[in-house]
Structures are given as C-alpha cells and as structure tokens.
Amino acid sequence: MNVLLDHFDLFREGFVKTVSLTGASALLALVLGLIIAGFRVSPVPPLRWFGTAWVNVLRNTPLTVVFMVAVFVLPQILFPDWNYFVLATLALGCYTSSFVCEAVRSGISTVPVGQAEAARSIGMTFFQTLRIIVLPQATRTVLPPLSSILIALTKNSAIAGAFNNPELFSVQKTLSDKGFNVMVIFIWVALGYLIITFFISGVFRLLERQMEVAR
C-alpha cells in the first residue's frame, strides 16, 4: 500500500494516460473499422481489394512492428511534427481497426440478403442500404466481439510505453528501477488495467441488454 500512496501521482498520471490512449485509439479503430468493413462488402472491386489488403496486412503484422513503423518511419515521410501520443494512437487505432472490421463484417453477414435486395429495389444506394438497413440490425451481433477487441486494445496499449509514451505499465519500470518490490508494483498496475477493462465490459453488457430482443 505504501508504494501506491507514496507514488500516487505517478500511478494516477499513468492511469489517465492509459485511459486517454485507449479512448482515442478505440475511437479511431471504430471509425476506421466501420469504413473498411464497408469497403470489404462493397460492390466496387478496388474498394474490396483495399479492404482485404488492409485487414490481411495489419492482422498479420506484430503490433510492435506497427508501432515501429508509426514512430520511426512515418515522421520521416509524412508527419514530422506529430507527437508520440498521436503516433501511438495511430498505431493502436489502425491495428485494432482490422479486427473491428472483421467483427462488423461478420455481423453484416448475419443480416438476410433479401433485406439489402429490397432496399436496392426501392432505389437506395449501397451506402444508404448499409447505413439505414444493414448496420442497425448487425449491431446486436457485433457488440460481444467488439467488447473483447476493445479490452485487448487496452492491454495492447502497454506497448506504447516502450515508444516514449509514459502510461500505466511504464510505471512499473520507473519504480522497479528505484528498487521497489516488483510484485507489489505489478499488483497495483494490474488493478488499474482491471478497472478499465471491467468498465468496458460493463458498458457493453449494458448496451447488449438495451438491444436484446425479447423472447
């Protein structure tokens, strides 16, 4: 307990930065995931090819490599003035968007094809059909895997600490270097992650209850 009380400001700063990084990355991942999922089911071949390439490349690339590209390569080519937090958000968000995309695409496949055909028969465009008819019905199916994906994102955010982004997990290195008991530090760091993941899980359980169909 003394480790937490004596260094509460350090734990609090790490916790807040982890929450900020998780929130920003989750928002980016959800937006990109929806867009790429739309590409994956699009009737336009180039969009389908782009969506497939995005998912296959990112899902099969280690997250550490994605971070290395975002932190060391992108600033040399495109974004020299972006800070490490933005680059970490970009790496986490893009990586996670590939998993969000596949979860959304799986949800879309549960909607009967006849509904999309009926929408097109009354003159609705593909994206109107997707936004108004298909996605609202797919949401119930998508919520459970999205919860798991965002919880995994929270834990993946620990990698950002190795790329000049002080966050919750990096607190353990700071304090262990000062000679404090590593196990005690890990317990408090793990508790911080549990608070975040339980909150995400609770929010999604609430959303699932709100959207469940009465049987």
Point to revise | Residue count for region 102-149, restricted to those that are within 16 Å of the chain's Cα centre (by Cα) and among the aliphatic types (A, V, I, L, M) | key: 6
Review point. Only one residue in PHE72, PHE99 is within 12 Å of the chain's Cα centre (by Cα) and of a type in the set (Phe, Trp, Tyr). Which one?
Key: PHE99
Point to revise | Candidates VAL44, VAL71, VAL66, filtered to the one that is open to solvent by less than 70 Å² (accessible area, probe 1.4 Å) and free of Cβ contacts under 8 Å to residues at least 24 places away in the same chain | key: VAL44
**Study point:** Filter pass, SER109 being farther than 22 Å from LEU207 by Cα and of a type in the set (S, T, N, Q)
**Key:** no
**Study point:** Tally of residues being surrounded by fewer than 21 Cβ atoms within 10 Å (Cβ to Cβ) and over 16 Å from LEU63 (Cα atoms) across region 160-171
**Key:** 2
Check your understanding: Looking at SER121, SER157, SER147, which one is of a type outside the set (Phe, Trp, Tyr) and open to solvent by 30 Å² or more (accessible area, probe 1.4 Å)?
Key -> SER121
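Got a sec? Which of LEU146, LEU135, LEU130, LEU90 is part of a helix (DSSP H, G or I), within 20 Å of GLU167 (Cβ to Cβ) and of a type in the set (A, V, I, L, M, F, W, C)?
When all the criteria are applied, what remains is LEU90.
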Point to revise | Filter result for ASN165 (at negative phi and not in a helix (DSSP H, G or I)) | key: yes
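The values are calculated or read from the model by the stated rules, or taken from the named source; none is laboratory data. If you're wondering where the values come from, they're calculated on a predicted model, not measured in any experiment. As a convention, Cβ positions derive from the backbone with ideal geometry for all residues, glycine included, and neighbour counts pool all protein chains shown. When the accessible area is computed, the model is the full protein with side chains, heavy atoms only, and any ligands, DNA or RNA have been set aside. Shrake-Rupley method; radii C 1.70, N 1.55, O 1.52, S 1.80 Å.
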